[in-house]
1. Segment 33-99: which trypsin sites (Lys or Arg not before Pro) are DSSP loop and have at most 12 other beta-carbon atoms within 10 angstrom?
2. Give the lysines whose C-alpha is closer than 21 Å to that of LYS101, dropping any in the same chain fewer than 8 places away, or say none.
3. At q = 0.08, 0.09, 0.13 Å⁻¹, what log₁₀ I(q)/I(0) does the chain have when each alpha carbon counts as one equal point scatterer in the Debye sum?
4. With a point put 7 Å past each Cα toward its Cβ, work out how far GLN29 is from VAL4 in nm, to one decimal.
5. Quick one: length gained pulling ASP122 to LYS22 fully straight, 0.36 nm per residue minus the C-alpha distance?
6. With springs only between Cα atoms under 10 Å apart, run a GNM on the chain and tell me which of SER19, SER142, SER77 wobbles the most.
7. Picking from LEU49, LEU137, VAL125, whose Cα lies most toward the positive end of the charge dipole for the chain (charges on Cβ: Lys, Arg +1; Asp, Glu -1)?
8. Any idea what the dipole of segment 7-133 comes to, in debye rounded to 20, about its Cα centre with Lys/Arg Cβ at +1 and Asp/Glu Cβ at -1?
Amino acid sequence: MERVKMNRVKNIVLIAHDSRKKDLLEWAQFNRPVLREHRLFATGTTGALLAQHAGLDITRFRSGPLGGDQQVGAKISDGDLDILIFFWDPLEPQPHDPDVKALLRIAVLYNIPTACNRATADFLVASPLFHDEYERLLEDFSLMREGFVRRLES
């Protein structure tokens, strides 16, 4: 296991499906003092809404259906994002549903704290770990790949 250091100032990405944008916006406005202490990222429209209505400085990716979810997943796998807050709608089919599932898979694979609803997001920001340095464990997947290649070769 590798230990990956997360600094006191976290790189947090905020995402919400259309039916959950209002909920994320209300949550972000309530938690604005805490969120301002960190670097914030968001996908397309969500980022614009957060900047305009919550007064937060946001670095924006593309809209989710236009590749934003994939951009976020790539940033997670590169070690550039620390926390994913993704208010997604499990009852509404999304045109980019495979991208959504891939993003959630990458977040779990890279052991990124992930909140998919308001209650979990509240617990995250209330945790003392959110406000300090933290070392998350990252499994070394290259060993698994090497074992797979050896099985193919035999």
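Computed from the coordinates by the stated procedures, all read-outs in this text should not be read as laboratory data. Keep in mind the model is a prediction, meaning the values are calculated, not measured. Heads up, the Cβs are rebuilt from the backbone with ideal geometry, glycines too, and the neighbour counts pull from every protein chain shown.
1. Working: sites: ARG36, ARG39, ARG60, ARG62, LYS75; in loops: ARG36, ARG62.
In loop regions of segment 33-99 (DSSP not H, G, I, E or B), the sparsely surrounded trypsin sites (Lys or Arg not before Pro) are ARG36.
2. LYS21, LYS75
3. -0.24, -0.30, -0.59
4. 3.4 nm
5. Roughly 34.4 nm would be gained on extension.
6. Per the Cα network of the chain with a 10 Å cutoff, SER142 tops the list.
7. Checked the options; the winner is LEU49.
8. Numbers: 14 positive and 16 negative charges, 37 e Å.
In total the dipole reaches around 180 debye.
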